[in-house]
Each structure stands twice: as C-alpha cells, then as structure tokens.
Amino acid sequence: MIRTPLRPLARILDARRKGENPDAIERENMHRRHEEMRGRARVQAEGRLLILGATFLMVFVLVGGRMALIAGSEPSEPRASAAGASIRAQRADILDRRGRILATNMETYSLYAQPPQMIDPGHAADRLAAIFPDLEREALIEKFTGKRKFLWIKRKISPEQRQAVHDIGDPGLLFGPREMRLYPNGALASHVLGGARFGREGVHAAEVVGVAGVEKKLDSMMRDPARGGEPVRLSLDLTVQAAVERVLAGGMTLMNAKGASAVVMDVQTGELVSIASLPDFDPNDRPGVSGGADSPLFNRAVQGVYELGSTFKIFAVAQAMDLGLITPESMIDTKGPLKWGKFLIRDFHDYGAEMTTSEVIVKSSNIGAARIAQQIGVERQQAFLRDLGLLDPVPLEIIEAGGSQPLLPHRWSELSAMTISYGHGLSVSPLHLATAYSIIANGGRQVRPTLLPHQGGPGGKRVMSRETSAAARRMLRRVVTDGTASFGEVSGYAVGGKTGTADKPDPQGGYYEDKTITTFASMFPADKPQYVLVVMLDEPVETTGPEPRRTAGWTAVPVAAEIIRRIAPLLGVRPEIEPAPLADITLTSSN
Amino acid sequence: MTEMVYGTVPVRDGEPVLPKWWRTIDKWSMSCVMILFAIGLLLGFAASPPLAAKNGFEPFHYVQRQALFGTVALMTMLILSMMRPDLVRRLAVIGFFCALAAVIGLPFFGTDFGKGAVRWYSLGFGSFQPSEFLKPGFIVVAAWLLAASQEINGPPGQRLSLMLAVGIAGMLAVQPDFGQAALILFGWSVMYFVAGAPIYLLVGIAGLTILASTLAYNHSEHFARRIDGFLSPDVDPTTQLGYATNAIREGGFFGVGVGEGEVKWSLPDAHTDFIIAVAAEEYGLILVLTVILLYAVIVVRSMVRLMRERDPFIRLAGTGLAAVFGVQAIVNMGVAVRLLPAKGMTLPFVSYGGSSLIAGGIAVGMLLAFTRSRPQGEIGDILRGGGRHR
C-alpha cells in the first residue's frame, strides 16, 4: 500500500539524477491513471449496456407478444355486436317546445358487394337492376367481374328493397346497418333544422353529421354519448310554425314576391316560437349548394341583411325620448326637402312645416326622423343601436347565424346617422329587427334571441326606461289605428307596429326604382306585448289597384295581420273584446 | 527524430474512404434501416390516400413526398456514417445550437397549424419541426459533457448536461409536447446510467417512483380512474385506440389483403401515429413482427457493438441515440397495443413526416458512425491484464 504512491516519486528522483526531463514521466503516470479509470468505466459500462440491451429486447418481445395476442383473439370478440350497439340512437332527436318530433333517426341499411364471394354476378346484376331502376346492369356486371374486392352499391335502402336483395341469395351482397336522419315534417322549419349527411363511413357504422342549421351548430352536443341520446328541445312551436309558413307562402304568392320571411319572438325571453324563410327546401333531400341569396338554402330571416327602411324610425324616436330631447308632443321641423351637402332627404308626401313626434312615426316622415337623429348625434346613436343588438351578428343557435353580420356604413358620418334613422345605410336581418322590437315591447330590457327554451330569461341590461317603452308602444299602436298600417288591425289583439318600405340597392350602384323590400315589424297586444312578429317580403307587387303598389302597407301588413289572426289563439293570447282603452289616450295626443 | 514524427507528419492511414467504410460499418443495422424505410413507403401506399383525398391531392401525393424526404434522409445517413466520430461530434454540436435557437424562436415565429401546440415552422412547401432535430444534437452534446466529466480535471459535465436536459424538456413541455420532453429526459437518463450512475441513486429513484405511484393511485381518484381505464380489457370501439385494436384483430396473422383495410378511413392519424395498425390490418402479424424484429436488431446490435467501445464519448452518444430510437418505436407500437397510454409519437422511418424522417436519418447516420468497428486497444488490454477479453 505504501509502495504505490512512492514509486512514481522514486522514478522521478531517478530521472533527475540521470538528467532526464521528469515531466514526461509525470505525463506517463497521468496517462496510466487515465487508462485505468477508463478501463474501470468500460467494465462497468459493459455490464450496464448488457442490462440495457436485454431490457430493450424484452420490451420488444413484450410488444410483439401483445400484438400476437390481440391478432389471435379474433373469434372470442363479438365485434359486430359491439359496433352495432355503438351506432344505435347515436344522434339525439330534435323536438319542438311541446315535445313533438322535428328530427329523428331511422334504422336503415346500406348495400355493398364483395365480388370475390359472389356466385353468379350476372344473375345478381339482373336482379339488382330490377330492384333499383337507377342501376345499370352492364355497369354492375363490369364492377362485379373486375378487380375490386369491395364496392358500395346503395347508401340507403328501404326494408322492402333489403328483403328483395336478400331474396337474390347471393353471399357477395351484404348489408351494413345505418342510421339515417329523418325529418317527418318535410320542409317545415327547414332553415332551422338544416340537414345531415353521412360522415365517415365504415361497413359496420356510419356517422351522421349535421351540415347546416341547428344540426351543425349543436352537432357535437347531439352526438355526445354522455347525454345518452337525450333529445334536444327547441323553442319552436310546430303548430305556430306551420301556420306562419302557410300564411307566408300564400302571402308571397298573392303579392308576387320572390321571397319572404317571418319571425315570431317571445318578447320577455327572446325565444323564437317560429322563424320562417321562403322559398324553403326539404331537409330529407337537401339540394346542392347553389345560387347565393336566391337559393332555397338561403335563410332570409337570419343570413339576409337588408335595409329595412322606416321600421328604424321608432329607434331614433325612442332614444330621443329616453334622452329627454323630445316628448311625444314635441313639434319636429319637417319642412322639406332637407338638404345636407349634396344630399336631399324627402318624404313620400309633403307633410307641412312641422308635426309632433307621434305624427312623425304615424305618417312616417323621413325628414322628421333625420332631424331627431341630428339632435342625438352619431356616437349616442351608435351606442343605442349596439345595445339593441343591431350592429353585431345575432347569437342564434344555428350555424348560419355567423353570417348575419350587419352591413355598417364605412364612415359613420352625421349624414349616415340621419339616413340610418329612417333605415337606410344600415343593413340588418329580420331577426335583428325582431330582437330590437322585443326590447321596445318588453319595457326596455335586452333579450338574446334563442332557439332553446328557457335559456334567455327576462332581466337583461336596461336599454331604455319603462316610460319610453310605453310611449313608443303607444305610437306604434297609432300607426295601425290611424297610420300607414291600417290593414294590420286584427280585432281584439290591439296590434301595434311600424311599416318599412325600402328600395332595393342595385348591385351596380344606386337603387332600383321598382324593386322593394317591405317589412312590417309588429307586436301584439300593444298595451302589454307578448310576441313580436316581423314579416318581410322581397320584391312584392300588389296588382289589384289601378297601378302596382309596392309599399309595406299594401303588402307586408295584410300578410302579418293574417298571421296574427291565425297564431294568436294558438299562442294562447286572449282577444280583448272591449275596444282598447288606449284609443282614448291616443286621441288626446293627436290634437 | 522523435519530435519530428510526433505531430508534424500528417497521419494518414493508407486505406481509402469507401472500402474502409464498407469494412467497418454495421451492415446489419444499415440494412435494417433500409428495409424499415421500404416498409414505410409500402405502408404509405395503404395509409395515406385517405388523407390525400381529404386534403384534395392526388392519391399518392404523400407517398411521393415520403420517397423524396426518405431519399434525403438516407443520403444524410450514409454521408454521416462515413465521417470520423470527432467530425460527427463537431457537426452535431453546431446542429444542436441551431436547433436550440430554432426551438427558442418557436413561440415568436412558429405556427400551430390549428392543432393547439406551437411546434412547427411553416415553410412554403412544407413544415419543419425543430424539436425533431434537437434530439440527436442534444444526445451528442450531453454525451460529450458526460464523457468529459470522467476525465481528470474535467468539467462538471453531469450537472451541466442535466441542466441542459431539464431546460430543453421544460421548453418542449410548454409547447406543449410532453412526448419529446420525456424522450429528452429518457435519453439523458440512459446515458447517465451507462456513464456510471451510482447504484444507490438508481435504487432510490426506483423506490421513489413505486412509492409515488402507489400513493397517487390510492389518493387521487382521477389518476386511479385513468390507470383503471387503461388497464381494463374493454375498449370503446369508436376511439382511436378502439379502431387500432380492431384493426389488429381484423388483420389476424396474415392480414386482410393489400388495400382491403378499413381502419385507415377511420383513423385521422393512420399515416403517422397509428401506421402500425394499418400494417397489422392489411399485412397481418407477420409484417408487424418483422418491423419489431428490425427495430430490435438495430437497437440491440448497436448496444452490443458499443459494449466493446473504449472511448467513453462514443459509447455514451451511441447508447443515447440507439435508446431514443428504440424507445420511440416501442412507445408508438405500445400505444397501438395498449401497453402504454395514448401518446403521439412517430414510428422512426416508417411514419409519414419530413422532419421526423430526416432527423431519423441524421440520428441513425450518427449511430452508424459511432458503431463502426475500430481498433479498441485489445492488445494493450491483454498486456496490462485489464479489460474483460477472452
């Protein structure tokens, strides 16, 4: 033990004596120590690498063994039943507010072929062509005798067809279980429901995925296995929806319009009892994508943004009253035409030098509304319209709601404020309008339009005072009793509302002379409104008179009145048999 | 005289590069890599047309890309395998710092391609995942540090490399990419183990792990449920794992036949993370076992060759590269057979993916360069009586 450390020193002393350089020896010592260390480390590493290599080998064997185990376990697992269980009732039904079915699933089968297993391709092709007239015998034979080992023949077949194919008795013709989406009411509420199609598809099952409407928006919810197939209930009322669509379709034909839409909203909760857009389609057989704004797939009530004209006047008046700028009896300067820069604002008729605020609404004076908007100013107007929900897309539970972004003026100048006050320069959807009218109708609180019952409750942010709301409602009632909407009177239901007739903008610039969008935004009963109804007709012409009439009072209003006449009893709104006491008040204010 | 010879005359062994390379390279491992790549292309023909159809390309778009990237990767591998270890080390260190800079820059310039994790740079014609290139670079740098710490008066390489490993793993974890982070830590641990980790530390870590997981299992309901769910034999047939299990089962021993598989239409990751399921369904257990055998040959052969290696750096770097390569394959296949909980990891050389292929080529090229046979001082060992040679 003692000798080891001494020895190098001895060598160095020895070297010194001989006159050699001792550094070389020291280097050699260092090198030897290094080699020893390396040797030790190497011996240790050899062992550890052996362990490591063996471990890896074991894990590889384990993975391979497990693979073999799974690969060999085929017979013990009844796979078809497991897959079958997973596709049953995989998509939730859709019900209306009273539990009636709007969309459900039906079990059906797909038909596919495995040509290698076929016994007599010619015979099978003969019989198949007889069962399915759209299949061609020659094409089938070619496919059956070709190289393919698998091919789909039909995605959906009826039970009768399935039996007929079964009777061919060819083992190469096979069926895969499918669930198909069924809309038992056909085109009813088609724009809300949207439609569904097969998604990823296998032999044993296929996904059903929504392509539009609530089916797409709530797709993940309806397919969520955790909900256990619990149906999705909508706020729509099937009966009301049917009545609205029927009357609207009749009105559209009578008024020679090319499109129409209607929205019925509960003013307290924002629930949509009915929302319709015509022309519509059958979601069971959804047409291909085409046509833009005139396609039946286009939802005019939500996706269609239009300048809705004079229906906007009540917003300017309500805001000015709420700010205390005017009262219903204030005199408004309506001397026309109103000049603003190069721009002239005119009224339909000349209404004289001045009139009361109520008269501005009842007679629908553009100049009066523009004067009021001047008093309000741009910024306050923007804030108010935003509170009414008119500047943002509607948050409705259908996928198309994302496309309802209103079209705002590029620069919101004072002139924009004036034109917007009578509904030009700002394009919104009929659903936007219904939401804003609901706020006026319910006493001034915000509502969120929804298709799901009991989602939005009352008690949103207050936009205007209760008194302003009441005063605005009295004016709207007078529009029907002595204004532009006289065809809107439905006895017993005290309808109030505002008409709007807007020239359609020409895509080439400017406006069409002879194409209008007519709107009637109404609420009933006006003294204590429960529902708001907005009816919009696209390019209507009423031709019973000596000249064609295109104003809302002649087109949208009678349609809306007929809808109210039909749906008010269905909605449980009681008719007021006595003459409405409101008439007295309106008389005094019209001196 | 002595001094003139020492250091001034350029040392050149007379043997030309290619013959020497062919004589010393591990031909078995290299062949295995080539075969794996060929299998990957073959599976690409089966697995990628659904994806191509979905993205609107012609059916074999991804196979073509895979062939292109694969050629680049194999070339890289061959070139790297011809280099001397110190040249490889030099390049790897440079590459490591470039990749590190790229990973650090990810939060600022990277993109997530809508997948929720910022891991990629978007180049015009494709994407680039720097963490794939960081792995081999890190292994070499860490091996260098660990080897240097074994020298007399060496730097504190163990501590430095651990800090590096933890730092990089942290960066990867925030992307978040826990798979790559775990790989980095695993690579370091394996090298530390071979570099001579104290045995009491190993026993201590093993004990702590067992203790911690027992505690977690008994006290955390969430953790227990996940483990139970993973251990239970039933699997929901509509999950990715369910599809994979079904595919293996459908394939049986000899497969359902080329192009007949169904699973590739159901699995979104059929061409990457679950390619082994496609292989199992269409070609059966035979091909899967072949693939496993190929990986095992590469990993175990490399380790056996490294056992005789005298240079600690080469030994450590080679071990780290082989271990990470093998573990990636094991995790990928282990997920498909539910030996491991689901974790996205590619199957080296087989899965589709440009970054993963080329980085794999770099890693295997370096591994081949390190496992080339070279004189290991056997005679000196015998003379000194050291070593463990028969």
Q: Kindly check whether there is at least one residue in the range A:305-319 that is of a type in the set (Lys, Arg), closer than 21 Å to A:ASN185 by Cα, assigned by TED's automatic domain parsing to the domain that holds A:SER416 and touching a residue at least 40 places away in the same chain (Cβ under 8 Å).
A: no
Q. Do we have any residue at all in the range B:172-180 that's in contact (Cβ under 8 Å) with a residue 24 or more places away in the chain, within 28 Å of A:LEU50 (Cα to Cα) and either more than 14 Å from chain A (Cβ to nearest Cβ) or in a helix (DSSP H, G or I) (or both)?
A. yes
Q. Hey, any hits in the range A:254-269 for a residue that's among the polar types (S, T, N, Q), at positive phi and not in a helix (DSSP H, G or I)?
A. yes
(Q) Conditions first: (1) under 30 Å from B:SER373 (Cβ atoms); (2) modelled with pLDDT under 90; (3) not polar (S, T, N, Q). B:ALA53 passes all but one, so which condition is the exception? (A) (1)
Q. All but one of (1) hydrophobic (A, V, I, L, M, F, W, C); (2) at pLDDT 90 or above; (3) closer than 20 Å to A:VAL394 by Cβ hold for A:ALA243; which doesn't?
A. (3)
Q. Can you name the condition, by its number, that A:ARG466 falls short on among (1) surrounded by 22 or more Cβ atoms within 10 Å (Cβ to Cβ); (2) more than 18 Å from the chain's Cα centre (by Cα)?
A. (1)
Q | Scan of the range A:385-402 for residues that are assigned to a helix (DSSP H, G or I) and surrounded by 15 or more Cβ atoms within 10 Å (Cβ to Cβ), ordered by number | A | A:LEU385, A:ASP387, A:ILE399, A:GLU400, A:ALA401
**Q.** Exclusive hit being of a type outside the set (D, E, K, R), buried (at least 18 other Cβ atoms within 10 Å of the Cβ) and closer than 29 Å to B:PRO176 by Cβ, set B:VAL63, B:VAL103
**A.** B:VAL103
**Q.** Scan of the range A:255-286 for residues that are without any contact (Cβ under 8 Å) to a residue 40 or more places away in the chain and not acidic (Asp, Glu), ordered by number
**A.** A:LEU278, A:PRO279
Q. Which of the following residues is at pLDDT below 90 and facing another protein chain (nearest Cβ under 7 Å): A:ALA41, A:ALA85, A:ALA80, A:ALA89?
A. A:ALA41
Q) Restricting attention to the range B:255-305, and to residues there that are assigned to a loop (DSSP other than H, G, I, E, B) and among the β-branched types (Val, Ile, Thr), which single residue is surrounded by the most Cβ atoms within 10 Å (Cβ to Cβ)? A) B:THR272
Q.
If I filter the range B:129-139 for residues that are surrounded by fewer than 15 Cβ atoms within 10 Å (Cβ to Cβ), more than 14 Å from chain A (Cβ to nearest Cβ) and either out of contact with any strand residue (DSSP E or B) (no Cβ under 9 Å at 6 or more places or on another chain) or closer than 30 Å to A:MET30 by Cβ (or both), do I get at least one hit?
A. no
**Q.** Which listed residue is buried (at least 19 other Cβ atoms within 10 Å of the Cβ), free of Cβ contacts under 8 Å to residues at least 24 places away in the same chain and within 14 Å of chain A (Cβ to nearest Cβ), from B:GLY157, B:GLY187
**A.** B:GLY157
Q. Does B:LEU321 count as crowded, with 22+ Cβ neighbours inside 10 Å, under 18 Å from the mean Cα position of the chain (by Cα), at negative phi and at the interface with another protein chain (Cβ under 8 Å from one of its Cβ atoms)?
A. no
Q: Could you grab the pairs with beta carbons closer than 6 Å, sequence gap of 6+ or different chains, first residue in the range A:486-509 and in the same structural domain as A:LYS363 (by TED's automatic domain parsing) and free of Cβ contacts under 8 Å to residues at least 60 places away in the same chain, second one buried (at least 16 other Cβ atoms within 10 Å of the Cβ) and in a loop (DSSP other than H, G, I, E, B)?
A: A:GLY496/A:ALA526
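The values are calculated or read from the model by the stated rules, or taken from the named source; none is laboratory data. Everything numeric in this text was worked out from a predicted model, so none of it was measured. Heads up, the Cβs are rebuilt from the backbone with ideal geometry, glycines too, and the neighbour counts pull from every protein chain shown.
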